[in-house]
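**Q** Below: one structure in structure tokens.
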Amino acid sequence: MTDTTTKPQERETILSIRDLEVSAPDGTVIVDGVSLELAKGEILGLIGESGAGKSTIGLASMGYGRGGCAITGGTVELLGTNLMQSPRRVREEIRAVRIAYVAQSAAAAFNPAITLADQIIEAPLMHGIMSRSEARDWMLYLFKVLQLPDPDTFGGRYPHQVSGGQLQRAMVAMAMACKPDILVLDEPTTALDVTTQIEVLALLRDLIRREGTAALYITHDLAVIAQIANRLIV
């Protein structure tokens, strides 16, 4: 893995991955010896070809291995907590509150039978971070920043009642619901047309800068990463 730039030394490192190794259920090593650092307020681009292990690294940054994969070596330190030495309860709490994941498919991220608002405010209510009124006010603020139509009523819609670009922005709002320190953005605009992709990227960049959130942006597209990242790892 190649880091193409130098991380600003004056920034606080909030995610540190050292010599990461992730193995498949049959013991095959699929990620080997990966190291990276993410600074507070930084957007770090992680780019590579399909199948290179980008999404696996992104999930590992949350202390998670999907599909039976397991982190079998190295360290993942998030906001001073070594996730590899933390009990499952701590890892789950951190994943819900301090670091959030935005996937490629917004449609798969939402329950079609529940309104967008109820799904977006669920996490801050469940973890006792905000009252219902505070969570709703924060959601409406995010809707406005993300330029969703009719912010006051948008949350009353169901996932199938909005466009793909709007649903993708709603998924960003859901990820930001607990005011996380880090967003893991796993090719969040891949399913969108080019015009909508540009709009969503600009809104993402502005929201991240406005809130001081750090982000790990995963993609295979250099043109996309050039629009949003401060630094790039290949």
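The values are calculated or read from the model by the stated rules, or taken from the named source; none is laboratory data. Everything quoted here is computed from the prediction, not taken from an experiment. Heads up, the Cβs are rebuilt from the backbone with ideal geometry, glycines too, and the neighbour counts pull from every protein chain shown. Ligands, DNA and RNA are stripped out before the accessible areas are found, and what is left, the full protein with its side chains, is counted by its heavy atoms. Shrake-Rupley method; radii C 1.70, N 1.55, O 1.52, S 1.80 Å.
**Q** Pull up all non-local amide H partners of Ile30: gap of 5 or more, or a different chain, and H-to-H distance under 5 Å with H placed in the peptide plane.
**A** Residues meeting the criterion, in which the H sits 1.01 Å from N, are Val22, Ser23, Ala24.
**Q** Can you tell me the dipole magnitude for the stretch 117-165 around its Cα centre, using point charges on the Cβ only (Lys, Arg +1; Asp, Glu -1), in Debye to the nearest 20?
**A** Working: 4 positive and 6 negative charges, 11 e Å.
Roughly 60 debye for the stretch 117-165.
**Q** If you don't mind, another one. What is the stretch 18-137's relative contact order, in percent, from Cα pairs under 8 angstrom and six or more apart in sequence?
**A** Over the stretch 18-137, the number comes to 20 percent.
**Q** For Gly45, what residues show an amide H to amide H distance below 5 Å, using hydrogens built from the backbone and excluding near sequence neighbours?
**A** Excluding prolines and chain starts, which carry no amide H, the hits are Tyr217, Asn230, Arg231, Leu232, Ile233.
**Q** Would you work out which of Ala60, Trp138, Leu201 lies farthest towards the positive end of the dipole of the chain? Charges go on Cβ: Lys and Arg +1, Asp and Glu -1.
**A** Ranked along the dipole, the leading option is Trp138.
**Q** Under the definition of Cα pairs under 8 Å and six or more residues apart, what whole-number percent is the relative contact order of the chain?
**A** The value is 30 percent.
**Q** Hey, another quick one. Residue-wise, which Karplus ³J(HN,Hα) couplings in Hz belong to the stretch 55-67, taking 6.51 cos²θ - 1.76 cosθ + 1.60, θ = phi - 60°, and x for glycine or proline?
**A** 5, 4, 5, x, 5, 5, 5, 9, x, 10, x, 9, x
**Q** Express as a percent, rounded to the nearest 5, the fraction of DSSP beta bridges in the chain (both residues included) that run antiparallel.
**A** Roughly 50 percent of the DSSP beta bridges within the chain come out antiparallel.
**Q** I've got another one for you. Between Glu49 and Arg210, what is the spin-label point distance in nm, taking each point 7 Å from the Cα along the Cα→C-beta axis?
**A** The two pseudo-label positions are separated by 3.9 nm.
**Q** Between Tyr101 and residues 5 or more places away or on another chain, which pairs have amide H atoms under 5 Å apart, with H built 1.01 Å from N, and which residues are they?
**A** It is Val184, by chain and number.
**Q** Further question on the same structure: How compact and how long is the stretch 170-233, expressed as Rg and Dmax of its alpha-carbon atoms in Å?
**A** Values for the stretch 170-233 (Cα only, Rg and Dmax): 11.2, 30 Å.
**Q** Can you give the angle from 0 to 90° between the axis of helix 88-97 and the longest principal axis of the chain, with both taken from C-alpha atoms, to the nearest 10?
**A** With rounding to tens, the tilt is 50 degrees.
**Q** So how strong a dipole does the stretch 85-125 carry about its Cα centre when Lys and Arg Cβ are +1 and Asp and Glu Cβ are -1, to the nearest 20 debye?
**A** Using Cβ point charges on Lys, Arg, Asp and Glu, the stretch 85-125 gives about 280 debye.
**Q** Please give the helix 132-145 orientation as an angle from the longest Cα principal axis of the chain, in degrees from 0 to 90, rounded to the nearest 10.
**A** The angle comes out at about 80 degrees.
**Q** As a test of the formula, what do you get for the chain when each DSSP H run with n ≥ 4 contributes -39,500 (n - 2.57) and the sum is divided by the residue count, at 222 nm and rounded to the nearest 500 deg cm²/dmol?
**A** Using -39500 (n - 2.57) per qualifying helix, the result is -10000 deg cm²/dmol.
**Q** Please work out the FRET efficiency for the pair Arg11 and Ala113, using the Cβ-Cβ distance as r and a Förster radius of 41 Å; give the result to the nearest 0.05.
**A** 0.45
**Q** Write down the Kirkwood hydrodynamic radius of the stretch 18-137, to one decimal in angstroms, obtained as one divided by the mean of 1/r over all alpha carbon pairs. Please list the in-between numbers first.
**A** On the way: mean 1/r = 0.0614 Å⁻¹.
16.3 Å is the Kirkwood radius here.
**Q** While we're on this one: Taking the Cα centre of the stretch 42-99 as origin and charging only Cβ (+1 Lys, Arg; -1 Asp, Glu), how large is the dipole, in debye to the nearest 20?
**A** Taking the Cα centre of the stretch 42-99 as origin, the dipole is about 240 debye.
**Q** Using a probe of 1.4 angstrom, how much of the accessible area of the chain is carbon and sulfur, in percent?
**A** With neighbouring chains kept in place, the figure for the chain is 47 percent.
**Q** Here is a follow-up. Treating the angle as unsigned and between 0 and 90°, give the value, to the nearest 10°, between the Cα long axis of helix 164-175 and the longest Cα principal axis of the chain.
**A** Tilt relative to the chain: about 70 degrees.
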